[in-house]
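Take a look at the structure set out below.
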Amino acid sequence: MNTQKEVIKQYYEELIRGVREKSVDLKKLNFASDIKVTGSDMEMEGEESVSMAWAAFTHICNAITIEKQYFDENSACSIITCEPENGAPASRYVEQVRVKNGKINEINVIYDTAAWAKIIGKSPAAVE
């Protein structure tokens, strides 16, 4: 069985590879069936919904870079830069990933909604 840190490292390795190759192996993301994701202006639950969103994410970014990572017993906080496909300026965000029973069961994402709107090609008002 993988440690919590190994589960999180595998998640980011696969996400980075998936963004680079525009195809992510969803099983390697290690999502729990009851995963919950919260963000500045969104919330989603369930492995299928989160997997679909993460698969779409791989087509929005040219690259993601982990700038810093802090681990504790069952979670990690990562500072990440996303270089978008559409030429918008790169955007930084923070993810707190939690692991329970060898699977990622919670992701909290903190990001600037105005910068993110440019990455996904919407005006900031359209995101609110």
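Here is how the numbers come out for the structure above:
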{"quantity": "Label-point gap, in nm, between residue 71 and residue 5 - each point 7 angstrom along Cα→Cβ", "calculated": "0.3 nm"}
{"quantity": "Under the Karplus curve 6.51 cos²θ - 1.76 cosθ + 1.60, θ = phi - 60°, whole-Hz ³J(HN,Hα) for region 6-11, x wherever Gly or Pro sits", "calculated": "5, 4, 5, 4, 5, 4"}
{"quantity": "Simple label model, 7 Å out from Cα along Cβ direction - residue 49 to residue 27, nm", "calculated": "2.5 nm"}
{"quantity": "Whole-angstrom gap from region 3-60 to region 93-108, using each part's C-alpha centre", "calculated": "10 Å"}
{"quantity": "Net +/- balance of residues flanking residue 65 in space, Cβ distance below 10 Å, scoring K and R +1, D and E -1", "calculated": "-1"}
{"quantity": "Isotropic mean projected area of the C-alpha convex hull, region 4-119 (nm²)", "calculated": "6.2 nm²"}
{"quantity": "Mean Cα-pair separation over length for the chain, i.e. relative contact order, pairs under 8 Å, 6 or more apart, %", "calculated": "25 percent"}
{"quantity": "Above-threshold pairs, the threshold being 20 Å between Cα atoms, out of 22/100; 28/103; 22/103; 9/68; 27/100; 9/103", "calculated": "22/100; 22/103"}
{"quantity": "Residue-count net charge about residue 106 - beta-carbon cut-off 15 Å; Lys, Arg +1, Asp, Glu -1", "calculated": "-3"}
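The numbers here are math on the coordinates, done by the rules we state, and not lab data. Computed from a predicted model, the values in this text were never measured in an experiment. Virtual Cβ from ideal backbone geometry, glycine too; neighbours counted across all protein chains shown.
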